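Worksheet: one structure, shown below.
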Amino acid sequence: MSATEVLFIADDLNSINVAWRHFAYNDYSVRATTLVESGMECFEGSKKPQVVVYYCNAASKNLINLYRTIRADERSAKTPLVVLADFPEQKTLLEYFKLENTQTVGISIDDMKLKEIIRKAVRRR
C-alpha cells in the first residue's frame, strides 16, 4: 500500500511544526509549505496531493484564499481539505463557514482519529 500524498499548508513555519509530528510518524508522503502558490505547484507533478491539510490559528490569514484557489483550479477542485484549527477558530469555522469538501477539526485531535478522517477524505475523493 502506498503512502497517502498530503499537502500541509500553514501561514508560518512555527505553525507547521505544531502538527508535523502526526505526519512524520504515520504513513504519509507529506509536503509542507507556507505559501498557497507553492502548494498549488504540487498539483503539477505526478504525485498530486490526495488531501490538503491547513493549520488555522488566530494569526492565520490564508485559509479563504487557499480554499478559493484549490476549488477554482480543475487539478485540485475535488481534493479534500482538512482544517486543523485552534479552538476559537474551529468554533468560528464550524458556526459561520460552509466550505465544500472540507472538514474542520481541533488541533488537539487524537492521532488515530485524524488518521481516520484523512483516510475517509481520500476515499470520498
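Screening the candidates Val53, Val83 for the property of being under 18 Å from Asn17 (Cβ atoms) and touching a residue at least 40 places away in the same chain (Cβ under 8 Å) yields one hit, Val53.
Quick check on the stretch 44-57: of everything there that is farther than 21 Å from Leu114 by Cα and outside any helix (DSSP H, G or I), which residue is modelled with the highest pLDDT?
Of the residues in the stretch 44-57, the ones farther than 21 Å from Leu114 by Cα are 44-47.
This time we only want the ones that are outside any helix (DSSP H, G or I), so: 45-47.
Values: Gly45: 82, Ser46: 86, Lys47: 89.
Step by step, filter the stretch 44-57, then rank; the result is Lys47.
Counting the residues of the stretch 63-108 that are outside any strand (DSSP E or B), open to solvent by less than 30 Å² (accessible area, probe 1.4 Å) and farther than 20 Å from Thr4 by Cβ gives 2.
Consider the stretch 5-24. How many of its residues are open to solvent by 30 Å² or more (accessible area, probe 1.4 Å) and touching a residue at least 60 places away in the same chain (Cβ under 8 Å)?
To start, the set of residues in the stretch 5-24 that are open to solvent by 30 Å² or more (accessible area, probe 1.4 Å) comprises 11-14, 17-18, 20-21, 24.
If we keep only those that are touching a residue at least 60 places away in the same chain (Cβ under 8 Å) too, we end up with 18.
Adding up the residues that qualify gives 1.
Scanning the stretch 30-51 for residues that are among the hydroxyl-bearing types (Ser, Thr, Tyr) and touching a helix residue (DSSP H, G or I) at 6+ places or on another chain (Cβ under 9 Å), which turns out least open to solvent (accessible area, probe 1.4 Å)?
Kept after step one, since they are among the hydroxyl-bearing types (Ser, Thr, Tyr), are these residues of the stretch 30-51: 33-34, 38, 46.
Then drop every residue that is not touching a helix residue (DSSP H, G or I) at 6+ places or on another chain (Cβ under 9 Å), which leaves 33-34.
Details: Thr33: 21, Thr34: 39 Å².
Filtering the stretch 30-51 for residues that are among the hydroxyl-bearing types (Ser, Thr, Tyr) and touching a helix residue (DSSP H, G or I) at 6+ places or on another chain (Cβ under 9 Å), the one least open to solvent (accessible area, probe 1.4 Å) comes out as Thr33.
The values are calculated or read from the model by the stated rules, or taken from the named source; none is laboratory data. In this text the structure is predicted, and so the values were computed from the model without any measurement. Cβ coordinates were reconstructed from backbone atoms using ideal geometry, including for glycine residues, and neighbour counts include every protein chain displayed. Keep in mind that these areas ignore ligands, DNA and RNA; they rest on the heavy atoms of the full protein, side chains included. Shrake-Rupley method; radii C 1.70, N 1.55, O 1.52, S 1.80 Å.
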